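Remarks on the structure that follows.
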Amino acid sequence: MKVDAVVTPTGAAPALGPAGLQDASQLQAARSAAQVDMLLDVQALQVGLRAPGGQIRPIVRAAGFTVGRGEVLALVGESGSGKSLTALALVRLFGANGLDPRLVAAGRAWLCTRSGERVDLLSLGDAELQAIRGREIGLIAQDPMSALNPVMRVIDQIVEARQRHLDETAAQSAGQARRLLADAGFGDPDRVARCYPHQLSGGMRQRAMIAIALAAQPRLLIADEPTTALDAAVQWQVIDTLQRLRAQQGLSILFISHDLGVVSRIADRIAVMYGGQVVECGPAQEVLLRPAHPYTAALIDSLPRMTPEATLPRPIPDIPADPLNPPPGCAFHPRCAHARPGACTTQVPGLTDLHAGRMVRCHHPLGRPQEKAHG
Amino acid sequence: MDDAARSGPVAELVRASKAYTAATVWRGPSVMAVREVSLALEAGEVLGIVGESGSGKSTLGRMLAGLLEPSAGVARFRGRDLRSLRGADLRALRAEVQYVFQNASAALSPRRQVGASLEEPLRIQGGLDAPARRQRIERALAQVGLGDSLLGRHPHELSGGQRQRAAIARSLVLEPAVLIADEPVASLDVSIQAQILQVLHALRGASGMTIVLISHDIAVINALADRVAVMHQGQIVEIGPRRQVLFEPRHDYTKQLLQACAALGLQR
Amino acid sequence: MPEMGAITPPRARAARGGAVPASVLVAAVVLALIALASGLYAATGSDLHNRTDLLARLSPPGTASTWIGVHLAGTDELGRDVLLRSLMGSAISFGVALAGVLGGCLIGILIGIFSGYRGGWVDRGLMVVVDAQLALPNLLLILCGIALLGTSVWVLIAMISLSRWETYARLTRSLVLSARERDYVDAVRAIGGGTLRTVFVHILPNIASPLWVMLTLSFPAVMLTEAGLSFLGVGVQPPTPSLGRMVAEGRNQLVTAPWVALVPALFIVMITLSVQLIGDWLRDRADVRARV
């Protein structure tokens, strides 16, 4: 139940006890030197749908990104981009409708656990994954009303999470629960703790979910569209909470969203997904101000702006590509204003390094800052 | 009388309120969704109504459209009290004021072909033969940038953006003078939202239609509106020209709302 | 909120709800056979099921017969062929139950729609009537009605309808109440539609699914009610055969000639069980589609 046994990447027998861990952590220390504080390292992640016939149709192809310690990476995309699937594949909690046994994931997702081990999330068995969920990785789901148990008080849900992973008494858990609620920005944590989910407003429920997700002190938080269902003012509270927690505890966040406005406020780095692939990745301000991929640029242009001169946003023609049936070649080429005959229509572009930290998947990436029609 | 009516506001609410009571055997507690709101809608303008969810903006929109009767106060269209309209007059009103719902499936029944849903308003109103109806439908589709091929399909065969545009087209077949759009882009993908905003913009330009745009997204309002009304807990706390309300706000709540949005806005 | 990309391809979704379980198929076949056989027999207007043959009374199934070849289900105490009587009885029971269900549904659905859509005092008044009727036991109501109005088949059907309308009314009312709040109702009003159009062209098709299921599932109960009434002697009167009365009459010979009671009982079971299985499957399918 408690996390002491961890599968090492080489598949050796679980290292129990301080001696075993010491060896493993020495091994880890050597690797870490090259890794530079990488909490999560996803390589070549694929998520597919197993058709009734048996063959697997890929939805997410070759997604790769990293999340450093204390860093916020935003996974940005529209519906059908595969962003939610990608993040949920890490903890194998699939689908808006719960566990969907037809979804399969492959690839490598290296997580650096608190004990210093590097584990591949995608190759863990169920029991090991259960130990990871909550303790190493916390999850905030999209809809707080259905993710919170309606018949349990908030404090009970936090205590449950803590008792699952930590060795402490119920009273200690309860005390910590109140502290967690205060950290989540509640001015009256005692009152909120005793509430049932339906007694809280949308924003409060979302923050209660944050408290529950962080109950067992994970170092990585996966937030799946946490602000989508909320009003602007309340969104701000939730973002504020997350930023504070990041500053206080060095929390890393994998933030999934379609809302570039929210993302611009909280993300350190952005990975843009389209048609089941990562098409651009880099520091947040860089990607937003100088997008290298035509889709990112078009997406930014299609947002209504808060400028005194009323400018109409420019839509991207057609509809987002279906990841199950992408167009040949580059998935974005039918809608791309810069597409040229040749490689764009025939070859799937690979991920190329632009310069330190920036990657783009495009045959003809945008080289210089875009001229905008408005100031 | 008619001329006077035409020179005045095309629609207005005078100290209108709407209260909802819990329907139990005895009268339950009531919620004031809208309190004593007075609003005049001028012909040809785009009025943006912005506010949080629960602020009463949808209720306000429905009162303007005559879909909800105010519990107190008056709702008028072209000078006539909506409450006094019956039968044929009420039907005529419907042809002049159209409402676009957030969820396109409200207008497009999933069981029918899109063409049948688009034709229904014309059938109800009567007075046009089949070729004339067809013409109206085609014109409406052109206004939203859709082709004829959709008419034979069912709503679930269309994309989200196409559905919303078809729903708008249904509102247009009656050639209304006023279009009230309630969160028309809220449920759509970001890149598709821009398509709908372009449609609304074109409508206002081409036919001089009066549009009321209700949204919780201030940036959307900023893209289209001439005048902006800010709603909070059932009341209009501030109303005025767009630039003034959104960039030189006077009311505290407006400032608060803009703060939250500005914090999330892309400053480019 | 933008929709999640369709992870489940439409084909897969249909498959989940499309596979018909074997039990339902068997039930459908059984039901179809019985309906066909009894319907054809009743349509011929033949009187063979009343033909007595006292010499062959209480003969076990398979006995050779003087007039029909072989008595497949034996004969009763008057020498009448049990199978033919069962078939005729099925036709009668079917007919009475169907008429009763349809009559009850018609009254109940109309009242439910009226009550749910209008709301206010009309609604409250009607629901008080519904609650009052719920307090009275069904069978007692029907017996009173029959005692007052006689035992003709039409009275039977009318009483059965009246005893069940409140179930349909309540379900319809709650469906209409929630449908009334949906945007599409406002959308119809927005284009000038009146109450009739809103209710019958828009609301009714949308709530039809659970209504159909309710109809199907109440059929067995009604059939059993009719069988029960006939068993008690106040249902369909002799010489018209009725499955319930045949069971009652066969009680005396249960030990010596069990087939007289068991064959009609078997018919009752087959019919009601088949309809129940099909109704359950329909309801599950409706749920799946509604959820998806």
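Structure summary
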{"read-out": "Residue-averaged [θ]222 nm for the protein assembly as shown, counting only DSSP H segments that reach four residues, each worth -39500 (n - 2.57)", "value": "-15000 deg cm²/dmol"}
{"read-out": "Cut-off 13 Å between beta-carbons: net charge of the residues surrounding C:A91, Lys and Arg +1, Asp and Glu -1", "value": "0"}
{"read-out": "Among C:225-236, A:347-358, the order from most to least packed when residues are scored by Cβ within 10 Å on average", "value": "C:225-236, A:347-358"}
{"read-out": "Hz values of 3J(HN,Hα) by residue in the stretch B:113-118 - Karplus curve (6.51, -1.76, 1.60), Gly and Pro given as x", "value": "5, 4, x, 5, 5, 5"}
{"read-out": "Segment A:S115-A:R153, length gained on full extension (0.36 nm per residue, minus Cα span)", "value": "10.5 nm"}
{"read-out": "20 Å binning of all Cα-Cα separations within the protein assembly as shown, expressed as whole percents from 0 upward", "value": "12, 34, 32, 18, 5, 0"}
{"read-out": "Estimated FRET transfer efficiency when R0 is 56 angstrom, pair C:V70-B:R243 (beta carbons, to 0.05)", "value": "0.05"}
{"read-out": "Mean projection area, nm², convex hull over Cα of chain A", "value": "20.8"}
{"read-out": "Solvent-accessible area per residue for the stretch B:138-268 (1.4 angstrom probe, square angstrom)", "value": "35"}
{"read-out": "Separation between Cα centres of the stretch C:146-220 and the stretch A:39-118, rounded to whole Å", "value": "48"}
{"read-out": "Cα gyration tensor category, rounded, prolate or oblate, for the stretch C:93-291 with a/c compared to 1.5", "value": "prolate"}
{"read-out": "Inter-site label distance for A:T346 and A:R108 at 7 Å from Cα along Cβ, in nm", "value": "3.3"}
{"read-out": "For the stretch A:170-206 versus the stretch B:87-153, the gap between their alpha-carbon centres in whole angstrom", "value": "50"}
{"read-out": "Carbon + sulfur, % of accessible area of the protein assembly as shown - ligands and nucleic acids excluded, 1.4 Å", "value": "58"}
{"read-out": "Per-residue average of Cβ from other chains inside 10 Å of A:296-308", "value": "6"}
{"read-out": "For A:313-321, mean number of other protein chain Cβ atoms within 10 Å", "value": "6"}
{"read-out": "Prolate/oblate/rounded label for the stretch A:59-146 (Cα gyration tensor, a/c 1.5)", "value": "rounded"}
{"read-out": "Nonlocal amide H pairs with B:V46, under 5 Å, H built at 1.01 Å", "value": "B:I211, B:D226, B:R227"}
{"read-out": "Exposure of C:T195 as accessible area (Å², to 10), given a probe of 1.4 Å and all protein chains", "value": "80"}
{"read-out": "Averaged over C:200-209, number of beta-carbon atoms from partner chains that fall within 10 Å", "value": "1"}
{"read-out": "Estimated inter-spin distance, C:L266 and C:N50, nm [label 7 Å along Cα→Cβ]", "value": "2.7"}
{"read-out": "Acute angle (nearest 10 degrees) that the helix A:170-183 long axis makes with the longest principal axis of chain A, alpha-carbon atoms", "value": "30"}
{"read-out": "Peptides B:40-46, A:196-202 ordered by average Cβ neighbours within 10 Å, highest first", "value": "B:40-46, A:196-202"}
{"read-out": "Cα-based Kirkwood hydrodynamic radius, the stretch C:175-223, one decimal, Å", "value": "11.9"}
{"read-out": "Placed amide H near A:V72: partners under 5 Å, 5+ positions off or other chain", "value": "A:I253, A:D268, A:R269"}
{"read-out": "Computed E for C:W154/C:V128 - FRET, C-beta separation, R0 30 angstrom, nearest 0.05", "value": "0.55"}
{"read-out": "Two-site FRET efficiency, B:D148 against B:L128, from Cβ-Cβ distance with R₀ of 22 Å, rounded to 0.05", "value": "0.75"}
{"read-out": "Where A meets B: accessible area buried, both sides, 1.4 Å probe, Å²", "value": "3200"}
{"read-out": "Options A:S173, A:V263, A:G250, ranked by Cα towards positive dipole end of the stretch A:162-289, top entry (Cβ charges)", "value": "A:S173"}
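The values are calculated or read from the model by the stated rules, or taken from the named source; none is laboratory data. Fair warning: this is a prediction, and the values are worked out from it, not measured in the lab. Note: ideal-geometry Cβ built from the backbone for every residue, glycine included; neighbour counts use all protein chains shown. Accessible surface is based on the protein model in full, side chains and every heavy atom, while ligands, DNA and RNA are left aside. Shrake-Rupley method; radii C 1.70, N 1.55, O 1.52, S 1.80 Å.
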